[in-house]
Every structure is written in C-alpha cells, then in structure tokens.
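Enquirer: Take a look at the following structure, please.
Nothing in this text is a laboratory measurement; each read-out follows from the coordinates by a stated rule. Predicted model, so just to flag it, every value in this text is computed and none were measured. Here Cβ is always computed from backbone atoms with ideal geometry, including for glycine, and neighbour counts include all displayed protein chains.
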Amino acid sequence: MGSWTSDVLSKKLGTTVSIGRIDLGFVNRLIVDDICILDQKDKKMLKASRASIKINILPLIRKRISVSSVQLFGMKANLYKETSDSKMNYQFLIDSLSNKNNATKTQTDLQINSLIIRHGEIKYRCLSEKTNSPIFSTNNIDVRNISAHIILDKYS
C-alpha cells in the first residue's frame, strides 16, 4: 500500500515521495511510517519517522476531510531559498495543493484542528547569505528538539 500511495502523492505533488508503511489504527486513525518528501532539486525537504492522522468520519459524507489531529514524530524539515528574492523550496508543494481556479470551490475541504510535533527539527537557510556569524540571523535558523501541541481553531 505504501508504494502505490507514494506514486499517487509523487504525481500530485510533482516530486518524489516515499512512504515506508501505512496502517489503519483504531476506527478512524491512519498511521504512516517513514515519510520522506524531496524538493524539486531532489534534496530532502520533509522527513518524519511517523505520522498519525485522526479523521472525523461524519464530514466525509459531505465530501469534506476533517482531521481532528495530526501527530508528527521525528519530523525533520529542511527549508531554504537560493537568494532573499527567490521562492522557498516548499512553494511548489503549496501550489500543488491550492485551488488553481479561485472562482470555483473545490469538492474537498480539508480542515485540521490539532497539530502535535514530537522530537521535531526545522532548519531554514538563505543559501546566498553568510552563515558563519555567531550572532543570531534570520537567514540561518536551526531549531531542534521541538515538542509542540498546536490548536488550530479551523485551518482550511
């Protein structure tokens, strides 16, 4: 199931996506192990050892995907841009998931209520800027051991 799903996601996102294993949890939980998404330069952009997604069943009848919680374990995000004026390496991901025609409403509405991150790591770099300075710089951020529980009233 992981390989087929990886192929579908790779085609939708326009990049390489690999998934180790997918399991169905109790009633409405989906557990995905060993996720890796490359950016369009074939560099690791997002990796997680496990994602657990809890889906609300009732909204599926109305073609809405309502996710009550997403849990990411061992997440590593590698975010960068070439220059201060260029686009971020994940912009293509946002573009591939957005509605291209703003005049029409999409058939599927994705809603996420809660995001939990355990043992996360986020790196951000502007590759054209110097990174050797001991002073904090917004052009070179490396945050590790992130543990967070983020409540989103409604993120669509």
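Enquirer: Please state the relative contact order of the chain as a whole percent: Cα pairs under 8 Å, 6+ residues apart?
Expert: Normalised by residue count, the contact order of the chain is 18 percent.
Enquirer: Taking the 0 to 90 degree range and rounding to the nearest ten, how far is the long axis of helix 2-13 tilted relative to the main principal axis of the chain, both from C-alpha atoms?
Expert: Once rounded, one gets 70 degrees.
Enquirer: Let me ask something additional. Per DSSP helix of 4 or more residues, -39500 (n - 2.57); summed, then divided by the residues of the chain. What does that give at 222 nm, rounded to the nearest 500?
Expert: My calculation for the chain gives -3500 deg cm²/dmol from helical runs alone.
Enquirer: OK, next. What length, rounded to one decimal in nm, is gained on full extension from L58 through to I122, with 0.36 nm per residue of separation minus their alpha-carbon distance?
Expert: 19.6 nm is the gain from fully extending L58 to I122.
Enquirer: Figure the gain on full extension for I146 and S68 (residue separation times 0.36 nm, minus the Cα-Cα span) and round it to one decimal in nm.
Expert: Result: 26.0 nm gained on full extension.
Enquirer: Now a separate question. What are the semi-axes of the equivalent ellipsoid of the chain, taken as the square roots of 5 times the eigenvalues of the Cα gyration tensor, listed largest first and rounded to whole Å?
Expert: Those come to 29, 19, 17 Å.
Enquirer: Continuing with this model, one more query. Please compute the net charge surrounding S84, taking Lys and Arg as +1 and Asp and Glu as -1 over other residues with Cβ under 14 Å from its Cβ.
Expert: Value of the local net charge: +1.
Enquirer: Just for the chain, what percent of DSSP beta bridges are antiparallel, to the closest 5?
Expert: 70 percent
Enquirer: Then there is this: Counting only other residues whose beta carbon sits under 9 Å from that of V143, what net charge do I get with K and R as +1, D and E as -1?
Expert: With Lys, Arg at +1 and Asp, Glu at -1, the neighbours total 0.
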